[in-house]
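Working notes, structure below.
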Amino acid sequence: MAHIVTCVYCKQRFDRDKFPFIQVSARRYAHQECSLTEDQKKSKEEQDKEDLEQYIMQLFKIDYIDARIRKQIKQYREEYNYTYSGIRKALTYFYEVKGNSIEKANGGIGIVPYVYQNAYNYYLALWQAQ
Ligand SMILES: [Zn+2]
């Protein structure tokens, strides 16, 4: 059964079983994302970006993010509308949860678009199980 609620901030209707939400008051809900202020969103994004870069450096055992990976991240953000944390989760999912080898990566993160949705579903299910 779906639990359709209306976000108090963006006024969109959504199924609270399918999206992270917060309960504003007894019968009022909001997307978790919408509940953040502009400043919070910005600093969260900065933090997410840093976390992603740290993660990639750790993953590939490199000291800096090279131009190629930067370009891939930029492309995923602009063309696919992916988030920094979503990209990080896609990589975590592919390499840690699924245990794939880093050897085939050729020093890039080209795998992201192929696993993004599966990773999203995986982490959403985990979140819902809590
Ligand atoms: Zn909303």
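The values are calculated or read from the model by the stated rules, or taken from the named source; none is laboratory data. Keep in mind the model is a prediction, meaning the values are calculated, not measured. Quick reminder, even Gly has a Cβ in these numbers, built from the backbone with ideal geometry, and neighbours come from all protein chains shown. These area figures cover heavy atoms from the full protein model, side chains too; ligands, DNA and RNA do not enter into them. Shrake-Rupley method; radii C 1.70, N 1.55, O 1.52, S 1.80 Å.
Name the trypsin sites (Lys or Arg not before Pro) in segment 7-67 that are in a loop by DSSP and that have at most 14 other C-beta atoms within 10 Å, would you?
Those satisfying the criteria are 11, 18, 27, 61.
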Quiz item: What are the residues whose amide H is under 5 Å from the amide H of residue 24, where those residues sit 5 or more places off or on another chain and H is modelled from the backbone?
Solution: 29, 30
Quiz item: Among all helices in the chain defined by DSSP H, which have a length of 20 Å or more along the axis from Cα atoms plus a Kyte-Doolittle mean of at least -1.0?
Solution: 112-129
Practice problem: Enumerate by residue number the chymotrypsin sites (Phe, Trp or Tyr not before Pro) in segment 42-125 meeting two conditions: DSSP loop (anything except H, G, I, E, B), and at most 16 other Cβ atoms within 10 Å of the site's Cβ. | Solution: 64, 80
Exercise. Give the Kirkwood hydrodynamic radius (Å, one decimal) of the chain, defined as one over the mean of 1/r across all pairs of different Cα atoms.
Key: 16.3 Å
Quiz item: Per residue, what accessible area does segment 21-130 have, given a 1.4 Å probe and all protein chains present, in Å²?
Solution: 69 Å²
Quiz item: Of the heavy-atom accessible surface of the chain (probe 1.4 angstrom), what whole percent is carbon and sulfur?
Solution: 48 percent
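What value, in deg cm²/dmol to 500, does the helix sum -39500 (n - 2.57) over DSSP H runs of n ≥ 4 give at 222 nm once divided by the residues of the chain?
-16000 deg cm²/dmol
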